[in-house]
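Novice: Encoded as structure tokens, here's the structure I'll be asking about.
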Amino acid sequence: MKFLIITHVPHLKYENHYFAYSPYVNEMNIWAKYATEIVLVAPLTFTDKTAIDSSYIHPKIKFLSIDNFDVLSLKGLFRTVIKTPKISWQIFKAMRSADHIHLRCPGNIGLLGCLVQIAFPSKPKTAKYAGNWDPKSQQPWTYKLQKWILSNTFLSRNMTVLVYGEWQGSTKNIKPFFTATYSEAEKTPILEKTLQQTIDFVFVGSLVSGKNPLYAIQLVQRLFQKGYKVKLTLFGEGKERKNLEHYCYANQLDGIVILKGNQKKAALKKAYQESHFVILPSKSEGWPKAIAEGMFWGCVPISTPVSCVPYMLDKNNRGILLNMNFEQDILQIETVVNNQQVFDKKQILAANWSRNYTLEVFENEIKKMLLQS
């Protein structure tokens, strides 16, 4: 089977291998197990390989480089108008020779993929919508357009669309799905986490305004000011890093807040294992991997109620849903850090839920879909 992947994720070539963002590549390597050939249509960059990049594992990979584009500015829109015909033609040719078409959405390249796939109604297709599928959420018009096309069973024939969460009014081609990081073999006992020692918080994600890392810092800062022995470790990079460092310096948070940058999977796993809470006050998510990963290792999750997060946390039974009201959120966290039994109960419920979603379960679901197509 010639398996075609259409994605906006930037790729780089290093020593004859193609690399991209690890969580994405690790997932695609599972899909790739059931293909004889992989065709990648994606932007190619010439940046250096980082700690959060992984390579595709497949004996036969063909890479078709396309230009990236955006519609966020007048200049970007002008360039998009010029680039779109060429990119659309490249996608069309790739789809014409593919046995299975796989779209990664939302994204600008994914949008073109959504439009071009209409010309291939008989070909088996899947789309992974990695963003927030909630129809009530505020999103860019390009995201809404992708969701409308993917949901339209006339325009997107022979298509299975994988989304995070179950949403009322979904069409028959929409399939609630999940993602996974850890295997069955990694279900080792959770370390005991007493609240009598330093209470560790961990944030994993890009240091950008949309992920709200500053709010996470301010919550831990307030707990420290109230006399709690706390520490927050942030993993990730982004354009907000300098602002966060300046804030920590100005507020004398040295030793309380630690920025670790991008780290490999093993370092994140160790941090989850040793932390009491995983925190992500994000404005928008699909299936927040950091929350699910932290829960797997016994972290009580603290997150905003976006996308399928209320389902993941079973409202507040498996964690704490933030109101983004500072005083209310502090009170919620204090209720847990002041009661070991409450913490332990949430921790057990969180871990038991997350450990249902292993790589083996994930691969089995993908295998079933591909064999049925």
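Novice: Can you sort Val306, Val204, Val278 by how many other beta carbons sit within 10 Å, fewest first?
Specialist: Least to most surrounded, the residues fall as Val306, Val204, Val278.
Novice: Search the structure for amide H atoms under 5 Å from the amide H of Leu234, placed 1.01 Å from N in the peptide plane, and list their residues when 5 or more places away or on another chain.
Specialist: Phe203, Ile258, Leu259, Lys260
Novice: With θ set to phi - 60°, apply the Karplus curve 6.51 cos²θ - 1.76 cosθ + 1.60 along the stretch 21-33 and write out the HN-Hα couplings as whole Hz, x wherever there is a Gly or Pro.
Specialist: Per residue, the Karplus-derived 3J(HN,Hα) values read 3, 3, x, 5, 5, 4, 5, 5, 5, 6, 4, 5, 4 Hz.
Novice: Going by amide H atoms built from the backbone, whose H comes under 5 Å of the H on Thr126, apart from near neighbours?
Specialist: The list, which skips near neighbours in sequence, is Ile101, His102, Leu103, Thr160.
Novice: I'd like the Karplus ³J(HN,Hα) series for the stretch 132-141: coefficients 6.51, -1.76, 1.60, θ = phi - 60°, whole numbers in Hz, and an x wherever there's a Gly or Pro.
Specialist: Each residue's phi maps through the Karplus curve to give 7, 8, 3, x, 8, 6, 7, 9, x, 4 Hz.
Novice: Need one word for the stretch 248-307: rounded, prolate or oblate. Basis is the Cα gyration tensor (sqrt eigenvalues a ≥ b ≥ c); a/c below 1.5 gives rounded, then a/b vs b/c decides.
Specialist: Verdict is oblate for the stretch 248-307.
Novice: Tell me the relative contact order for the chain as a rounded percent, counting alpha carbon contacts under 8 Å between residues six or more apart.
Specialist: Once normalised by length, the contact order is 14 percent.
Novice: Follow-up question, since we're still on this one. Report the semi-axes of the equivalent ellipsoid for the stretch 80-196 in whole Å, largest first, where each axis is √(5λ) for an eigenvalue λ of the Cα gyration tensor.
Specialist: 33, 17, 16
Novice: What is the order of Ile199, Ile6, fewest Cβ neighbours within 10 Å to most?
Specialist: With the fewest neighbours first, Ile199, Ile6 line up as Ile199, Ile6.
Novice: Take the chain, mark every one of the GluC sites (Glu not before Pro) that falls in a DSSP loop and has at most 13 other Cβ within 10 Å, then report the longest stretch left between them, sites excluded.
Specialist: 193-373
Novice: Which pairs in the list Lys136/Lys367; Lys226/Lys264; Lys83/Lys123; Lys187/Lys231 are over 29 Å apart, alpha-carbon to alpha-carbon?
Specialist: Violating the 29 Å limit, Cα to Cα: Lys136/Lys367; Lys226/Lys264.
Novice: Continuing with the same structure: Under the Kirkwood approximation applied to all pairs of distinct alpha-carbon atoms, what is the hydrodynamic radius of the stretch 184-354 in Å?
Specialist: For the stretch 184-354, the Kirkwood estimate is 15.8 Å.
Novice: If you don't mind, another one. With +1 on each Lys and Arg Cβ and -1 on each Asp and Glu Cβ, and nothing else charged, work out how big the dipole of the chain is about its Cα centre, in Debye to the nearest 20.
Specialist: With Lys and Arg at +1 and Asp and Glu at -1, about 1080 debye.
Novice: Could I ask something else about it? Roughly how many whole Å is it from the C-alpha centroid of the stretch 301-360 to that of the stretch 262-296?
Specialist: 13
Novice: How high is the relative contact order of the stretch 184-354, given as a whole-number percent (alpha carbon pairs under 8 Å, six or more residues apart)?
Specialist: After rounding, I find 22 percent.
Novice: Apply the Karplus curve 6.51 cos²θ - 1.76 cosθ + 1.60, θ = phi - 60°, to the phi angles in the stretch 146-157 and return the couplings in whole Hz, x for Gly and Pro.
Specialist: 4, 5, 5, 5, 5, 7, 7, 5, 7, 6, 10, 7
Novice: When the convex hull of the C-alpha atoms of the chain is computed, what volume per residue in Å³ does it have?
Specialist: Convex hull volume per residue, Cα atoms: 144 Å³.
Novice: Helix 74-96 against the longest principal axis of the chain: what's the angle in degrees, Cα atoms only, rounded to the nearest 10?
Specialist: 60
Novice: If you don't mind, there's one more thing I want to ask. Under a 5 Å amide H to amide H cut-off, with H placed in plane at 1.01 Å, what residues pair with Gly165 once short-range neighbours are removed?
Specialist: Result for Gly165 returns Phe177.
Novice: Something else about it: Which of the three applies to the stretch 25-111, rounded, prolate or oblate, going by the alpha-carbon gyration tensor with a ≥ b ≥ c and a/c under 1.5 meaning rounded?
Specialist: The shape class here is oblate.
Novice: In terms of the Cα gyration tensor, with a ≥ b ≥ c the square roots of its eigenvalues, is the stretch 94-158 rounded because a/c is under 1.5, prolate because a/b exceeds b/c, or oblate?
Specialist: Prolate, since a/c reaches 1.5 and a/b exceeds b/c.
Novice: Further question: Taking the Cβ of each residue in Trp141, Trp89 as the centre, tally the other Cβ atoms inside 10 Å and list the residues starting with the fewest.
Specialist: In increasing order of surrounding Cβ atoms, one gets Trp141, Trp89.
Read-outs throughout are calculated quantities, based only on the coordinates presented, and are distinct from any laboratory measurement. Not measured: the values here are computed from a predicted model. Virtual Cβ from ideal backbone geometry, glycine too; neighbours counted across all protein chains shown.
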